[in-house]
Amino acid sequence: MLPSRRAPIVTQVVVYKVGSADETFGKTGVAHFLEHMMFKGTDKVPGGEFSRIISRNGGRDNAYTTFDSTGYHQTIAAERLELIMRMEADRMTGIRISDREIVPERQVILEERRMRVDNVPSALLDEAVRAQLYGRHKPYAMPVIGYPDDIKKLSVNDLSTFYRRYYAPNNAVLIVAGDTTTEAVRKLAERYYGPIASRKTEPRRRPSKGAPDLPQKVIRADARVAEPRWSRLWLAPSYRMGETKHAYALQVLARLFGGSETSRLWRALVVDGKVGLSAWASYSPASLGLTSFDIGVHPAPTRSMADVEKAVIAEMKRLLDGGVKPEEVERAQNQLLAGAIYSQDSLASGPRIYGTMLSTGGTVADVDAWPQRISAVTPAEVQAAAEYVWRDDGAVTAMLTPAEGSR
């Protein structure tokens, strides 16, 4: 329960501890397909009525699927909390999965895949990069939305089996944020989720290593590319796997190296060197398995990929050889802390932060202690994290370019 009295509204989020990385090769996309089917009705709430009822009551709802979790959320007037909790509990066990619903929804998902992946060169490249980084057919390498051939073959039995295996209260996290009380939420949760039987779940497994043949290079030339991109991704520890002691320092490293327009990489490549139009670094540690540390640059029109790579490597070497200054670490920490304060204050992103942590093996205490842990990171720890992650034997270099003769 995350109380907020700013407006008379509440947000309910139910996050299931299952995502696309829990699928098997040959049946990819089942977690995302099931997310769609959760809106297709139960005996109590007819097909398509779930969202319409919420809308008629002045609310909104949506859902998402990631590699490690699947979440469903609604925002509505505070006095309507019982309504959305009753309906969410109903579809935890009561959705109807039939060919009548699957056949048209399959076309919707295939169109979503075409729109978001097949018609987006950068998304196709990212899919290929993940396969090289984690190893083909491995969790995190297979796309969340699934491969087209698998989506076309998923059956009622596939979806029903996945639903029965993972959708239960003991495999879910309930978060309610907004203008209500812990006592009220507890009573409603006990009334609607309490009677639902738990189900036995198997331990979730993630590989502790990436692909065996790193480093790799992936190049995609596509006539649809308007803005080339150079990027490099390294396997990195998360909160849960690998050298987890580096997780907080890596967040500070990503921020000070390429997290803003005042970062090292932006200043060196965009402002001073005129090598790139933009530059960034990113890292997300909330993962059950290994994650990645990413650096990317959009080259300036007159500069080559080789120019960009040379400039990035030079800036990395400058950090590795010369370390980082206490004041830039402090500035990065302050930026991270400010962003966290704003996000937790939101009825949308605040619950999502807790849901992500709690569905990947973390605790409420981990979320609450995050500011102190970030603030405790030292310059020496930032450099040690960079030295650990920035290794050739854990990297994939990716290049997105226009097709020859297309420009």
Take the stretch 146-189, compute every pairwise Cα distance, and split them into 10 Å bins from 0; I just need the percent in each bin.
20, 30, 23, 19, 8
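Using only the Cα atoms of the chain, what semi-axes does the equivalent ellipsoid have when each is the square root of 5 times a gyration tensor eigenvalue? Give whole Å, largest first.
Values for the chain, descending: 38, 27, 19 Å.
Express the relative contact order of the chain as a whole percentage, based on alpha carbon pairs under 8 Å and six or more residues apart in sequence. Walk me through the numbers on the way to the answer.
Values: 755 pairs, mean separation 88.3, N = 407.
Once normalised by length, the contact order is 22 percent.
List the trypsin sites (Lys or Arg not before Pro) in the stretch 28-70 that DSSP assigns to loop (not H, G, I, E or B) and whose Cβ has at most 11 other Cβ atoms within 10 Å. Which are they? Let's see the in-between values first.
Working: sites: Lys40, Lys44, Arg52, Arg56, Arg60; in loops: Lys40, Lys44.
Within the stretch 28-70, the qualifying trypsin sites (Lys or Arg not before Pro) (loop, at most 11 other Cβ atoms within 10 Å) are Lys44.
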Counting just the Cα atoms, what span does the stretch 2-192 cover along each of its three principal axes? Round to the nearest Å and put the largest first.
48, 35, 30
Just to compare against my own numbers: the Cα pair-distance distribution for the stretch 313-393, 5 Å bins, whole % per bin, please.
3, 13, 18, 18, 16, 15, 12, 5, 0
To the nearest 0.05, the calculated FRET efficiency linking Glu327 and Glu112 through their beta-carbon distance, R0 being 45 Å, is 0.45
Sequence order, the stretch 375-380: Karplus ³J(HN,Hα) from phi using 6.51 cos²θ - 1.76 cosθ + 1.60, θ = phi - 60°, Hz rounded, Gly and Pro as x, gives 5, 7, 5, 9, x, 5
Candidate aspartates and glutamates - alpha carbon under 16 Å from Lys187, same-chain residues fewer than 8 apart omitted:
Glu79, Glu82, Glu88, Asp179
Which FRET efficiency value, to the nearest 0.05, do you get for Ser208 and Glu79 by plugging their Cβ-Cβ distance into 1/(1 + (r/R0)^6) with R0 = 35 Å?
0.15
Add +1 for every Lys or Arg and -1 for every Asp or Glu among the other residues with Cβ under 12 Å from the Cβ of Ala211, and state the total.
+2
Just report the Cα centroid separation between the stretch 15-90 and the stretch 145-199, whole Å.
8
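I need the semi-axes of the equivalent ellipsoid of the stretch 253-407: take the C-alpha gyration tensor, multiply each eigenvalue by 5, square-root it, list largest first in whole angstrom. The partial results should precede the final answer.
Values: eigenvalues 182, 73, 50 Å².
Working through the eigenvalues yields semi-axes of 30, 19, 16 Å.
Restricting to DSSP loop positions (anything but H, G, I, E, B) with no more than 15 other Cβ atoms inside 10 Å of their own Cβ, which chymotrypsin sites (Phe, Trp or Tyr not before Pro) remain in the stretch 36-97?
Values: sites: Phe39, Phe50, Tyr64, Phe67, Tyr72; in loops: Phe39, Phe67.
Passing both the DSSP loop test and the Cβ count: no residue.
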Just need the relative contact order of the stretch 73-172 here, percent rounded to a whole number, with Cα pairs under 8 Å and 6+ apart.
31
Below 22 Å, Cα to Cα, which lysines can Lys217 reach? Residues fewer than 8 away in the same chain don't count.
Lys138, Lys209, Lys310, Lys317
Quick one: compute the contact order of the stretch 126-203, relative version, from alpha carbon pairs under 8 angstrom and 6+ residues apart, as a percent.
25
Note on the stretch 178-236: the mean projected area of its alpha-carbon convex hull, in nm², is 10.7
With Cβ to Cβ distances under 11 Å as the rule, what net charge do the other residues near Ala281 carry (K, R +1; D, E -1)?
+1
Where does the chain land at 222 nm, in deg cm²/dmol rounded to the nearest 500, when only DSSP H runs of n ≥ 4 count, each adding -39500 (n - 2.57), divided by all residues?
-13000 deg cm²/dmol
What FRET efficiency do you get for Ala348 and Thr181 if R0 is 25 Å and r is their Cβ-Cβ distance, rounded to the nearest 0.05?
0.75
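Here, each number is a calculation from the coordinates, and none is a lab measurement. Everything numeric here is computed off the predicted structure, so don't read it as measured data. Methodologically, a virtual Cβ is constructed for each residue, glycine included, from the backbone with ideal geometry; neighbour enumeration extends over all protein chains shown.
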